[in-house]
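Trainee: The following block contains the structure, expressed as structure tokens.
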Amino acid sequence: MQELNMPLWRDLLRLSAQLYETGEIQAIDATGMERVAASQHYAKRTNYTFRAVKTTALTDWKTAINLDIHCSMK
């Protein structure tokens, strides 16, 4: 199964965000993609197991840095 180590990514984002003075306004945005169009050859070769990916990001408007991120796969 394909996995992202979310706690590691979130720790890295938190530490990098501490390098900047953030503003008072943050924004949350989410996007998702269906992955049903992958070729059968690619799916077998890479052990391709997920159908959809969703990413949600929390971004500071003043510095344009990502403060937090969450990814999930079905």
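Trainee: So in segment 41-74, with the set limited to residues that are at pLDDT below 85 and among the hydroxyl-bearing types (S, T, Y), which one is nearest to L15 (Cα to Cα)?
Mentor: S72
Trainee: On to the next question. With the condition kept exactly as written, say whether any residue in segment 27-40 is charged (D, E, K, R) and exposed (fewer than 10 other Cβ atoms within 10 Å of the Cβ).
Mentor: yes
Trainee: Still on this structure, I have one more. Go through segment 49-61 residue by residue and tally those that are under 23 Å from I25 (Cα atoms) and surrounded by 13 or more Cβ atoms within 10 Å (Cβ to Cβ).
Mentor: The qualifying residues number 6.
The values are calculated or read from the model by the stated rules, or taken from the named source; none is laboratory data. For clarity, every value in this text was computed on a predicted model and none was experimentally measured. For neighbour counting, all protein chains shown are included, and Cβ atoms are generated from backbone atoms with ideal geometry for every residue, glycine included.
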